[in-house]
């Protein structure tokens, strides 16, 4: 049953493989450029496994940021997982034991997309299918991080702009959402609140107020937006 679940899950994770290895390498190279070995890249990807937050963590580590600032930044950046988790309650309802805790831990943006869209074959245990999908994705990220750290030690890299990789990924996601959805109000709210907070708080302090403001605005407009989506 485990082998069947692995064979069923693997093909769907190939697009994530292509993206995670490259982005993970970028993280490993960037971390190594700050004086941390490839081992730290692997450990962080094993224990934190938070994509964009790991890129932010490089700056937090190199700048000696206070623990409270790091905690608040992590909570705000990863707050979207609260909504991910709520929407996965039904799919993960039958999962028991350590697998359930791992599925919660490993729920990244890309894994969420795959698990939501995928339909396990009838002869495959859904819990095992979701587990292998999540585990394979993390393996890709860890492998990319370690490989990037190793390459950064032996080859000279100009890391200028590497930390923009996750931002570029989100720009692609934003563009895709804009093109595929008729209702652009949430996107416009995000842009408007972000620009306003940038002007009010400056480039070094606007992220947390912007994300809180966007969440508050969307909650206020929730019923109206749901009505537009239903049309």
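FYI, it's all coordinate maths here, none of it is from the lab. Just so we're clear, the structure is a prediction, and the values are computed from it rather than from any experiment. Here the Cβ positions follow ideal geometry from the backbone for every residue, glycine too, while neighbour counts run over all protein chains shown.
Tabulated data
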read-out: Sorted by Cβ density within 10 Å, fewest first, the residues 13, 133, 175, 74; value: 175, 74, 13, 133
read-out: Residue with peak Gaussian network fluctuation, the chain [Cα springs, cutoff 10 Å], from 131, 206, 27; value: 206
read-out: GNM result for the chain, Cα springs below 10 Å: residue of 142, 193, 185 fluctuating most strongly; value: 185
read-out: Sequence-separation-based contact order of the chain, relative, with Cα cut under 8 Å and 6+ spacing, percent; value: 36
read-out: Cβ-derived FRET efficiency at R0 30 Å, residue 43 paired with residue 217, nearest 0.05; value: 0.20
read-out: Per-residue [θ]222 nm for the chain (sum of -39500 (n - 2.57) over DSSP H runs n ≥ 4, rounded to 500); value: -23500 deg cm²/dmol
read-out: Label zone at residue 14 (point 7 Å along Cα-to-Cβ), backbone N below 17 Å, the range 132-154; value: 133, 136-137, 140
read-out: Neighbour-count ranking [beta-carbon atoms within 10 angstrom, fewest first] of 81, 184; value: 184, 81
read-out: Neighbour-count ranking [beta-carbon atoms within 10 angstrom, fewest first] of 103, 17, 72; value: 72, 17, 103
read-out: Gain on full stretching of the segment that runs from residue 80 to residue 184 - 0.36 nm per residue minus C-alpha separation; value: 35.5 nm
read-out: Cα centroid of the range 101-149 to Cα centroid of the range 1-80, whole Å; value: 14
